[in-house]
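First up is the structure itself, then whatever we jot down about it.
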Amino acid sequence: MLGLDTRHSGEFAAPFGLVRSRAVAARHDRVRIALHGTVLRRGDWSPAVPDPQHIAFATDDIVACARTARGRGAPLLSVPDNYYDDLEARVRLPDETHAALREHRILYDRDADGEYFHFFTEVLGSRVFFEVVQRVGDYAGYGTANAPVRMAAHRAARRGRCGLTRAART
């Protein structure tokens, strides 16, 4: 009905279970929609977040966008340092790129055709968060490799804001 074609589909492990993902896009990829559904669920995604939704925006300069968002007080998602330690061990990028990704909590993925940079806000209100993405080259994916990291970071942020300690969670 909307003229969207399937671009990607797959499954990935999340902190709360298994998620099935399907991405659809309009001609020339000007509009992309990623649909996620839980296949197997254990526990809550995050305190007080029944089924999170998000909206993504594209940028041509992810670092400048993250710097501006943070400067204006946007509640950007805090990604653990071990993500960047692992990224540096796995992926060869210029030192200044690694430093910028770590400083601004930008996630990274790549495939044979290009690169994908993205960052997120914390969950706002009861269930919405935002993502900002930069595609370089012909990267066609959606950063699915980073989804478990993002979900765990969102979960940790929500638990911290809800005042839950590790003992209270078990």
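Within the range 94-131, can you find the residues that are over 24 Å from Pro75 (Cβ atoms) and not in a helix (DSSP H, G or I)?
Pro94, Arg110, Asp111, Ala112, Asp113, Gly114, Glu115
Considering the range 125-155 alone, what residues qualify as being at pLDDT 85 or above, surrounded by fewer than 17 Cβ atoms within 10 Å (Cβ to Cβ) and among the aliphatic types (A, V, I, L, M)?
Answer for the range 125-155, where residues must be at pLDDT 85 or above, surrounded by fewer than 17 Cβ atoms within 10 Å (Cβ to Cβ) and among the aliphatic types (A, V, I, L, M): Val136, Ala145.
Any idea how many residues of the range 72-93 are in a loop (DSSP other than H, G, I, E, B) and more than 21 Å from Ala156 (Cβ to Cβ)? Break it down into steps so the answer makes sense when it comes.
At the first step, the residues of the range 72-93 found to be in a loop (DSSP other than H, G, I, E, B) are 72-75, 77-80, 91-93.
Imposing the further condition that a residue be more than 21 Å from Ala156 (Cβ to Cβ) reduces the set to 72, 91-93.
The qualifying residues number 4.
Residues are listed down the side, and each one gets a yes or a no for (1) free of Cβ contacts under 8 Å to residues at least 12 places away in the same chain; (2) buried (at least 16 other Cβ atoms within 10 Å of the Cβ):
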{"site": "His54", "(1), (2)": "no, yes"}
{"site": "Asp61", "(1), (2)": "no, no"}
{"site": "Gly73", "(1), (2)": "yes, no"}
{"site": "Ala89", "(1), (2)": "yes, no"}
{"site": "His104", "(1), (2)": "no, yes"}
{"site": "Glu115", "(1), (2)": "no, yes"}
{"site": "Val123", "(1), (2)": "no, yes"}
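Is one or more of the residues making up the range 76-86 surrounded by fewer than 12 Cβ atoms within 10 Å (Cβ to Cβ), more than 30 Å from Thr6 (Cβ to Cβ), over 17 Å from the mean Cα position of the chain (by Cα) and not charged (D, E, K, R)?
no
The values are calculated or read from the model by the stated rules, or taken from the named source; none is laboratory data. Treat the numbers as computed from the prediction; the structure is a model and nothing was measured. When we count neighbours, we look across all protein chains shown, and the Cβ atoms used for this are built from the backbone with ideal geometry, even at glycine.
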